[in-house]
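One structure below.
The values are calculated or read from the model by the stated rules, or taken from the named source; none is laboratory data. Source: prediction; values computed, not measured. Methodologically, a virtual Cβ is constructed for each residue, glycine included, from the backbone with ideal geometry; neighbour enumeration extends over all protein chains shown. Each accessible area value is taken on the protein alone, full model and side chains, heavy atoms only, with ligands, DNA and RNA left out. Shrake-Rupley method; radii C 1.70, N 1.55, O 1.52, S 1.80 Å.
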Amino acid sequence: GAGVSQSPRYKVAKRGQDVALRCDPISGHVSLFWYQQALGQGPEFLTYFQNEAQLDKSGLPSDRFFAERPEGSVSTLKIQRTQQEDSAVYLCASSLTVVEVTYGYTFGSGTRLTVV
Amino acid sequence: GDSVTQMEGPVTLSEEACLTINCTYTATGYPSLFWYVQYPGEGLQLLLKATKADDKGSNKGFEATYRKETTSFHLEKGSVQVSDSAVYFCALKDGGSQGNLIFGKGTKLSVKP
């Protein structure tokens, strides 16, 4: 596609519910990142994929968070047993090559998750 | 660890005023530096970047110079427009990292006609 597509755009979950957030990167992009942006804050790194390999998951805040990219294209961020502190905008970003990340990459519009 | 500090907002200016948003960083290596902009209801967009000391990034009338001696990357524009109203984020990528960006907290700019 022309840009990084994320769905759903908005998600309201009851506390304790599991959610799945989808990211469809630009076709052919090798690198894919997930970020969490709390209200009034800058994005914080969650995890990084190079093709289907998850090379860095150091930013995932707990074992309730899980991400996958099984075929090296679409990625899903799953949050189990959601808590109120999980409420945030979840951003996905991709870039064509590993080297290109030095020059910035393309973000999606994000999924706003509200846990009630 | 690496970090980015940018001036607190919100910043409110009149159209055609000069803008400076301060950004300083702490990094162990030789980072690349970025400014991203987030317009209301939209995703983050890369505004400009600089990959080494003394580089100047520029785009849409905005400029920022990578100052290693002061570890700064201040965003400037000589004459702002109403359409520049947005949240601006300073960010760095450490040279040794996989590519994840470290962001500042953002500065909200409102430009009044």
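Across peptide B:99-109, the average count of Cβ atoms from other chains found within 10 Å of a residue's Cβ is 6. When the Cα positions of B:14, B:25, B:62 are compared along the charge dipole of chain B, B:25 comes out farthest toward the positive end, with charges on each C-beta of Lys, Arg, Asp and Glu. All alpha carbon pair distances within the protein assembly as shown were sorted into 10 Å bins beginning at 0; the resulting P(r) in whole percents reads 8, 33, 35, 20, 5, 0.
Solvent-accessible area per residue for region B:2-113 at a 1.4 Å probe radius, Å²? Could you put the intermediate results ahead of the total?
Numbers: 5220 Å² over 112 residues.
Using a 1.4 Å probe on heavy atoms only, each residue of region B:2-113 averages 47 Å².
Please average, across the residues of A:38-45, the number of beta carbons from any other chain that are within 10 Å of each residue's own beta carbon, and give a whole number.
On the way: counts 1, 0, 5, 5, 15, 10, 4, 7.
Taking all residues of A:38-45 together, the mean is 6.
Bridging of residue B:112 to aspartates and glutamates at a Cα separation below 13 Å is possible for B:15, B:16, B:84, once same-chain residues fewer than 8 apart are set aside. For chain A, the carbon plus sulfur part of the accessible surface works out to 48%, probe radius 1.4 Å. With the alpha-carbon atoms of chain B aligned to their principal axes, the span from lowest to highest coordinate is 44, 27, 22 Å, starting with the largest. Note on B:35-45: average number of Cβ atoms from other chains within 10 Å of each residue's Cβ is 4. Restricting the trypsin sites (Lys or Arg not before Pro) of region A:1-85 to loop positions (DSSP other than H, G, I, E, B) with no more than 13 neighbouring Cβ atoms within 10 Å leaves A:9, A:14, A:15, A:81. Partners of residue A:57 within straight-line reach, counting aspartates and glutamates whose Cα lies under 14 Å from its Cα and excluding those fewer than 8 residues away in the same chain: A:44, A:68.
Cysteine residues of chain B whose Cβ has no partner cysteine Cβ closer than 4.7 Å: B:18.
May I ask for the Kirkwood hydrodynamic radius of region A:1-84, worked out over all distinct Cα pairs and given in angstroms to one decimal?
Details: mean 1/r = 0.0742 Å⁻¹.
Taking the inverse mean of 1/r over all distinct Cα pairs, region A:1-84 comes out at 13.5 Å.
If you plug the beta carbon distance of residue A:39 and residue B:45 into 1/(1 + (r/R0)^6) with R0 = 25 Å, you get a FRET efficiency near 0.80. Taking a straight line from the alpha carbon of residue B:56, these lysines sit under 18 Å away, with near neighbours fewer than eight places off in the same chain left out: B:68, B:77, B:93. Computed with a 1.4 angstrom probe on protein heavy atoms, the A-B interface buries about 1600 square angstrom of accessible area in total.
For region B:63-110, what class follows from the C-alpha gyration tensor (a ≥ b ≥ c being the square roots of its eigenvalues): rounded when a/c is under 1.5, otherwise prolate if a/b is larger than b/c, else oblate?
On the way: a/c = 3.01, a/b = 1.63, b/c = 1.85.
Taking the square roots of the gyration eigenvalues as a ≥ b ≥ c, region B:63-110 is oblate.
Alpha-carbon geometry of region A:1-48: the Rg and the Dmax are 12.8, 36 Å, given in that order. Spatially, region A:47-73 and region A:8-44 are offset by 12 Å when compared through their Cα centroids. Extension gain for residue A:87-residue A:27 works out to 18.7 nm (0.36 nm per residue, less the C-alpha to C-alpha distance). The modelled label-to-label distance between residue B:22 and residue A:78, using points 7 Å beyond Cα along the C-beta direction, is 4.7 nm.
Can you give me the accessible area per residue for chain A, using a 1.4 Å probe, in Å²?
On the way: 5570 Å² over 116 residues.
Per-residue value: 48 Å².
The GluC sites (Glu not before Pro) of region A:21-116 that DSSP puts in a loop, and whose beta carbon has at most 13 other beta carbons within 10 Å, are A:52, A:71.
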